[in-house]
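What follows is a set of notes on a single structure, which appears directly below.
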Amino acid sequence: MTAKIPLVDLGAQHRQIADEVNRGFASVFNDTSFILGAPVAEFEKAYAQFVGVKHCVGVANGTDALELAIRAAGIGPGDEVILPTNTFIATALAVVRAGATPVLVDSEPVHHQIDVAEVEGKITPKTRALLPVDLYGQVAPMEEIARLAAKHNLVVIEDAAQAQGATRHGTGAGAFGLAAGTSFYPGKNLGAYGDAGAVTTNSDAIAEKIRALRNYGSPIKYHHPERGFNSRLDTLQAVVLKAKLARLAGWNQARREAANRYRELLAGVPDVTLPSVDAGNEHVFHVYVIRVPRRDEVLKRLNAEGIGAGIHYPVPIHLQGAFESLGHRRGDFPVAEKAANEIMSLPMFGEITAEQQQRVATTLRQALGQ
Ligand SMILES: Cc1ncc(COP(=O)(O)O)c(C=O)c1O
């Protein structure tokens, strides 16, 4: 039987760092520094430097990172936060968990990012923040977002969960806005071996607030001026993240090369729309999203041939049962809805081989009848 080609191959990464991770784990076991042990601060320092910000505060996962960033910005009940409908559910969950109300915006059809042209029309006296998402591995159109935020006196919270290492005009994903939340879910470009996340910010006040919020609202042990959470970055995860961060730039470069290879292999296949890189962006191809006709049928065929293609995402936020209370219906965001029926993510990871990509391309052509 032909070998499967997974959507992402985490084993291939692990083999490269196994020794370093094992040594790091042994050291944590030896000194029993399970909670906020030295590797956490070491990773935070390295990641802040990598992103190009003053502070990184490690938390338990990306959803918490966004929720805590929203809370630290003083946003809560009665406030509205504007975000794209085409994103992973967690972006919207973070808003409601902070007590605020998500206000959704359609996506644009080329990069699938938040449609900035529609943002201004959604701003009300209750709007406090814009929450753009660096979707699929490239930074959102931040200049326009920043201009609107300045004009309407709003803060920007960046969802950088899908873009570790991406840049826009040289600025790193996670360095835009008042604060950014990121996720180190295992399948992310920088993935832990369980749940993990971080807030990055240039604000001393926000960083200090998040450090307290992640630790029961406690700036000083057993003193709790406010109600916080238990949402610390686990020491063992920090060991993994440190080892991976040292290799991330190389892995992201390998993803870009794989994206170029797909471009060559799929050039000229009628009806297939390949991903487009927005001007000024260095993309890190967290996922490689194409558009195809008869998507469900094509996807089924790829999966049947052992190719782990997927969909990011089949249902936009406004059509999710969890957000029914927002009162949206089919047809409200036609660009995102159309995309949701046509998009398909092909296998993408730094170690994918030319042979694997060749097989993906051949199977895709066959599935399309070409
Ligand atoms: C865009 C986006 N935001 C937020 C999250 C939430 O991160 P986590 O799964 O670590 O809570 C994810 C990933 O899962 C994501 O892709």
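Observations
- Enumeration of residues in the stretch 281-319 that are in contact (Cβ under 8 Å) with a residue 40 or more places away in the chain, buried (at least 16 other Cβ atoms within 10 Å of the Cβ) and assigned to a loop (DSSP other than H, G, I, E, B): His283, Val284, Phe285, His286, Val287, Val292, Glu305, Gly308, Ala309, His312, Tyr313, Pro316
- Of the residues making up the stretch 320-348, those that are in a helix (DSSP H, G or I), in contact (Cβ under 8 Å) with a residue 40 or more places away in the chain and closer than 19 Å to Glu108 by Cα are Pro334, Val335, Ala336, Lys338, Ala339, Ala340, Asn341, Glu342.
- For the stretch 3-36, a residue qualifies if it is part of a loop (DSSP other than H, G, I, E, B) and closer than 21 Å to Glu305 by Cα, and the qualifying residues are Ala3, Lys4, Pro6, Leu7, Val8, Asp9.
One line per residue, one yes/no per condition, for (1) farther than 24 Å from Leu130 by Cβ; (2) away from the ligand (no atom under 11 Å from the Cβ); (3) modelled with pLDDT under 95:
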residue	(1), (2), (3)
Thr167	no, yes, no
Gly170	no, yes, no
Ala180	no, no, no
Val199	no, yes, no
Ala205	no, yes, no
Ile220	yes, yes, yes
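- Being farther than 19 Å from Ala166 by Cβ and either buried (at least 22 other Cβ atoms within 10 Å of the Cβ) or in contact (Cβ under 8 Å) with a residue 60 or more places away in the chain (or both) holds for only one residue in Ala48, Ala41, Ala72, Ala65, and it is Ala72.
- Restricting the stretch 51-87 to residues that are part of a loop (DSSP other than H, G, I, E, B) and within 12 Å of the ligand (Cβ to nearest atom), the residue that is nearest to Gly217 (Cα to Cα) is Ala60.
- Apart from one condition, Ala146 fits all of (1) outside any helix (DSSP H, G or I); (2) farther than 26 Å from Ser218 by Cα; (3) away from the ligand (no atom under 16 Å from the Cβ); the exception is (1).
Listed here are the residues, each with its yes/no results for (1) surrounded by fewer than 18 Cβ atoms within 10 Å (Cβ to Cβ); (2) out of contact with any Gly (no Cβ under 7 Å at 6 or more places or on another chain).
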{"site": "Val240", "(1), (2)": "no, yes"}
{"site": "Asn252", "(1), (2)": "no, no"}
{"site": "Glu257", "(1), (2)": "yes, yes"}
{"site": "Asn260", "(1), (2)": "yes, yes"}
{"site": "Arg263", "(1), (2)": "yes, yes"}
{"site": "Pro270", "(1), (2)": "yes, yes"}
{"site": "Ala279", "(1), (2)": "yes, yes"}
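- Filtering Leu83, Leu7 for residues that are crowded, with 17+ Cβ neighbours inside 10 Å, touching an Asp or Glu at 6+ places or on another chain (Cβ under 9 Å) and closer than 29 Å to Pro334 by Cα leaves a single hit, Leu83.
- Near pairs, Cβ below 8 angstrom, 6+ apart or cross-chain, from the stretch 127-138 (under 17 Å from Leu93 (Cα atoms) and within 12 Å of the ligand (Cβ to nearest atom)) to any residue that is in a helix (DSSP H, G or I) and among the aliphatic types (A, V, I, L, M): Leu131/Leu66; Leu131/Ile70; Leu131/Val95; Pro132/Met142; Pro132/Ile145
- Number of residues in the stretch 90-112 that are over 24 Å from Val287 (Cα atoms), in a helix (DSSP H, G or I) and not aliphatic (A, V, I, L, M) equals 1.
- Candidates Tyr262, Tyr313, Tyr288 - the one that is more than 19 Å from Pro109 (Cα to Cα) and of a type in the set (Ser, Thr, Tyr): Tyr262
- Test result for Ala175, surrounded by 20 or more Cβ atoms within 10 Å (Cβ to Cβ), small (Gly, Ala, Ser), assigned to a loop (DSSP other than H, G, I, E, B) and more than 16 Å from the ligand (Cβ to nearest atom): yes
- Every listed requirement among (1) away from the ligand (no atom under 16 Å from the Cβ); (2) closer than 16 Å to Gly181 by Cβ is met by Asp31 save one, (2).
The values are calculated or read from the model by the stated rules, or taken from the named source; none is laboratory data. From a predicted model like this one, the values you see are computed outputs, not experimental measurements. Quick reminder, even Gly has a Cβ in these numbers, built from the backbone with ideal geometry, and neighbours come from all protein chains shown.
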